[in-house]
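None of the figures in this text is laboratory data; all of them are computed from the coordinates on show. Not measured: the values here are computed from a predicted model. Positions of Cβ are generated from backbone atoms using ideal geometry, with glycine treated the same way; all protein chains shown enter the neighbour counts.
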Number of protein chains: 2
Amino acid sequence: MSHYHPLTLDEAVALARSIPNHFSEQAELLSEEIGDGNLNLVFRITDAKTRKGIIIKQALPYAKVVGESWPLSLDRARIEREALQIQYALVPDLVPAVFNFDNDLAVTVMEDLSDHTIMRKGLIDGHHYPLFAEHIGKFIAHTLFYTSDLGMNQQQKKEQLARFINPDLCKISEDLIFEDPYRDSPNNNIPESIRTDAEALWNDKELKLEIALLRESFLTHTEALLHGDLHTGSIFVTASSTKVIDPEFAYYGPMGFDIGAVIGNLLLNYAAQPGWSATANKLNSQREFLLQTILNVWEHFESNFIALWNRDIVDITATTPGYQDIYIQKILRDTIGFAGAKMIRRIVGLSHVADVDTIEDEYVRIHAQRTALRIGTSLVKLGRKATHIQEIITIAKAAVLEEVRQ
Amino acid sequence: MSHYHPLTLDEAVALARSIPNHFSEQAELLSEEIGDGNLNLVFRITDAKTRKGIIIKQALPYAKVVGESWPLSLDRARIEREALQIQYALVPDLVPAVFNFDNDLAVTVMEDLSDHTIMRKGLIDGHHYPLFAEHIGKFIAHTLFYTSDLGMNQQQKKEQLARFINPDLCKISEDLIFEDPYRDSPNNNIPESIRTDAEALWNDKELKLEIALLRESFLTHTEALLHGDLHTGSIFVTASSTKVIDPEFAYYGPMGFDIGAVIGNLLLNYAAQPGWSATANKLNSQREFLLQTILNVWEHFESNFIALWNRDIVDITATTPGYQDIYIQKILRDTIGFAGAKMIRRIVGLSHVADVDTIEDEYVRIHAQRTALRIGTSLVKLGRKATHIQEIITIAKAAVLEEVRQ
């Protein structure tokens, strides 16, 4: 780590210029730092004429979260970059290309996706992404299958697992998702208006038991190389393209954690929608789109995963009749449980989502928070008993109806 | 690995002499190689006068199994030695002390246990070990609890897990326990007299499905640092002492795998006993002892484990009411499943046990093999549904009765 230092804008330009066959020698390169400065520096270097760009991401040795500083290993830049490369090799259409890296500087040089929008922002702005479910279902199925004991040599998987030991970032997930929201922790960020709802979580024994079991799965089930933080802020979209970025939380964990992250974040946007058309007794179109997307995400995941299994299974034992059904049911149950846990932590935990927090009308915002907590709690409790993805839809609709009634 | 070479007897003596405060300078040291030469060299260096000894264990870069040579990483000597040291720190009365080591030479210098007997041999000779259950229950509870997310910092556990990635030796377990016995593999060693019994395993869909699930648990559930090969040949005993040796298969896996190994091997000896007293309609005393020992092993494990949990739990979330009961039930279920799998592989798989194979009378031997297969199959099928350790006893007794009837 001896020559680590945060890059200057000029150093970033020089690094960009050194990438072969990207910018012409005469190009006038513009440089800007576009990160939020909390965890990483992110430079965008752009050719002033062609508008062609490149991204340089550099890890900082700490996390700034609500003013606090939290030391973080720079090795996470290597983990993120290696995860990107593994994912790119599997689904190159859905992951930015890595052009170069420097482990000592904790730097990755990668494809610029300026023509895409962060999906969370797009959803908040009311956009629909009809190809998203197909894309993300494919991403999840391929990246999970081919990094698991099902789809790769089991000895190589163990070596790969050791390269993705990611204690610092796993610690963030362990605390912020599975621990703090379920007790009166100073790390929580609880809006005063829903304080009693938060306290109800702390007294819900059934909920806390299920959370303990989900946490155990997160800590001990090394099924596949996860993205580890697959919310809608880690996904770039256009009408025709989806790109998954920022796998710095990558580690070997339970497959349902990634799928649950996608679904939980779609449901947070769902909870944040203003409305149920009481006269028509139906959901508004954004909510309809979100629920349909959730079904489609699961179905694309499942059909892709089964197709890969039937074609490329490595593990003879996994071809035992009946095993695939049990395996997929387990992923479904984990998915539903983790989706619920991800929703709850975004309402009462340290880090919230803009979908809910940017709602200006306090009355609407409180309703959104309660709806999210209601859906999240129901999903966590359903998890181990679930048999079909449709149960999520039933819960989501019921939660909205109940909110409307109050 | 540059200066690795198999030690000579003289080099072993010199190494022994270099251990501080062990042998006097004037001691006349006798040296013998007592290993079976299949995986390791084992030197015993003894002071001719005092009879005080020391053991030097050196890994060989291959395994010789039924004439075949199989390359094996020398790093397993480091893994074995580090596992011994971790276990010794936790239960020093139950593990040989490590005096020195050399990773390049793949050598560990440790306490001589010549006054102890290998437990498998002791059982074959008809001895009872009344303190064994208490000792091994304590060993398992302490070594599993304090290396798991329950009993140690969860970030340090991840780093420790990475040091115990043990692909070569896990591969042996994966193939020989969970794969080969369930198909017509050239690695199997099937006595011709029970060929039809072996073929029945290959056609037993329920059994194979449960084995696939046990294999998945072995591959992906990183609960605790296991011994990994805890059969009665890895345990030294006297009437008053128990020492667990040879953890070269150590890795992070499901807790039930270690407990199941102990119980499965006790049941193999049980199956190998000649008799049921038909007139008295009761088990012979060795069988009574073995069944009682199995109950006691579980009960000592469970009471130790719960006491450690209630005293030294690290994970706040694990204190959630109801969680401990679910956790222990899961260990019980895994234990029963793995015990069964361990029995089956020792009858039809590559590597057998002397308890059964040294029975001279072919009729008695075949009955022992069938009894072991019957118990093993029943345990594997019971596993996921089990609720009490007593169910093992019921199955073991029923299998003997059925054998007697035939």
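With N denoting the number of residues in segment B:323-377, provide Rg(C-alpha) divided by 2.2 N^0.38 Å, to two decimal places.
Numbers: Rg = 14.6 Å, N = 55, 2.2 N^0.38 = 10.1 Å.
Compared with the compact-globule rule of thumb, segment B:323-377 sits at 1.45.
If you put a point 7 Å past Cα along the Cβ direction, how far is that point for B:R311 from the same point in each other copy, in nm, smallest first?
Going from nearest to farthest copy, the values are 5.6 nm.
For chain B, what relative contact order do you get, as a whole percent, if you take Cα pairs closer than 8 Å and at least 6 residues apart?
Relative contact order comes out at 16 percent.
Normalised by the residues of segment B:9-110, what does the relative contact order come to in percent, with Cα pairs under 8 Å and at least six apart? Could you put the intermediate results ahead of the total?
Values: 169 pairs, mean separation 21.0, N = 102.
It rounds to 21 percent for segment B:9-110.
Using a label position 7 Å from Cα in the Cα→Cβ direction, what is the ascending list of nm distances from A:I328 to the same site in the other copies?
The answer, with the shortest distance listed first, is 3.8 nm.
With a/c under 1.5 counting as rounded, go ahead and sort segment A:31-129 into rounded, prolate or oblate using the C-alpha gyration tensor (a ≥ b ≥ c being the square roots of the eigenvalues; past the cut-off, prolate if a/b is larger than b/c, else oblate). Spell out each step's value before the answer.
Details: a/c = 1.40, a/b = 1.19, b/c = 1.18.
Verdict is rounded for segment A:31-129.
Along segment B:307-324, what does the Karplus equation 6.51 cos²θ - 1.76 cosθ + 1.60 (θ = phi - 60°) give for ³J(HN,Hα), rounded to whole Hz, x for Gly and Pro?
Karplus values, whole Hz, x for Gly and Pro: 5, 5, 4, 5, 9, 10, 4, 9, 8, 3, 4, 6, 7, 4, x, x, 5, 4.
What average number of partner chain Cβ atoms lie no more than 10 Å from the Cβ of the residues making up A:159-166? Walk me through the intermediate numbers first.
Details: counts 2, 1, 6, 7, 2, 2, 9, 2.
Mean number of neighbouring Cβ atoms from other chains: 4.
Would you kindly work out, in nm and rounded to one decimal, the distances from the label point of A:K52 to those of the same position in each other copy, ordered shortest first, with label points 7 Å along Cα-to-Cβ?
From this label point to the equivalent ones elsewhere in the assembly: 7.7 nm.
Please give the calculated 222 nm ellipticity per residue for the protein assembly as shown, where each DSSP H segment of at least 4 residues contributes -39500 (n - 2.57) and the sum is spread over every residue; nearest 500 deg cm²/dmol?
Details: 28 runs with 406 residues, N = 812.
The helix contribution divided over the protein assembly as shown gives -16000 deg cm²/dmol.
Read phi for every residue in segment B:21-31 and hand back ³J(HN,Hα) as whole Hz from Karplus 6.51 cos²θ - 1.76 cosθ + 1.60, θ = phi - 60°, with x for Gly and Pro.
The phi angles translate into 6, 10, 9, 6, 4, 8, 4, 8, 9, 9, 10 Hz.
State the residue of chain A whose Cβ is nearest the axis carrying A onto B, and the distance in whole angstrom.
So the closest residue, with its distance, comes out as A:A162, 2.
Can you give the Kirkwood hydrodynamic radius for the protein assembly as shown, in Å, rounded to one decimal and based on Cα pairs? Mind dumping the intermediate values first?
On the way: mean 1/r = 0.0344 Å⁻¹.
Kirkwood radius, the protein assembly as shown: 29.1 Å.
Give me B:R44, A:R384 ranked fewest to most by other Cβ atoms within 10 Å of their Cβ, as a rough exposure proxy. Don't skip to the end; give the middle numbers.
On the way: B:R44 19, A:R384 15.
Taking fewest neighbouring Cβ atoms as first place, the list is A:R384, B:R44.
For segment A:117-405, what number results from the quotient of the Cα radius of gyration and 2.2 N^0.38 Å? Present the calculation step by step, with values, prior to reporting the outcome.
Numbers: Rg = 18.4 Å, N = 289, 2.2 N^0.38 = 18.9 Å.
Dividing the Cα Rg of segment A:117-405 by 2.2 N^0.38 Å gives 0.97.
Measure up B:K171/B:K243; A:K208/B:K342; A:K121/A:K158; A:K157/B:K208; A:K64/A:K381 against 31 Å on the Cα-Cα distance and list the ones that go over.
On the way: B:K171/B:K243 26 Å; A:K208/B:K342 36 Å; A:K121/A:K158 38 Å; A:K157/B:K208 23 Å; A:K64/A:K381 33 Å.
Beyond 31 Å: A:K208/B:K342; A:K121/A:K158; A:K64/A:K381.
For segment B:169-249, which trypsin sites (Lys or Arg not before Pro) are in a loop by DSSP, counting at most 14 other Cβ atoms within 10 Å? Walk me through the numbers on the way to the answer.
Numbers: sites: B:K171, B:R183, B:R195, B:K205, B:K208, B:R215, B:K243; in loops: B:R183.
Loop-located and lightly packed - B:R183.
Whole-Hz ³J(HN,Hα) for each residue in segment A:136-141, computed from phi via Karplus 6.51 cos²θ - 1.76 cosθ + 1.60 with θ = phi - 60°, x for glycine and proline: what do you get?
Values, residue by residue: 6, x, 5, 4, 5, 4 Hz.
If we count other beta carbons within 10 Å of each Cβ, what is the order of A:D47, B:D149, fewest first?
Numbers: A:D47 18, B:D149 22.
So the residues, fewest neighbours to most, are A:D47, B:D149.
When B:S193, A:S240, B:S73 are ordered from fewest to most other Cβ atoms inside 10 Å of their Cβ, what list results?
Numbers: B:S193 13, A:S240 9, B:S73 16.
Going from sparsest to densest Cβ surroundings: A:S240, B:S193, B:S73.
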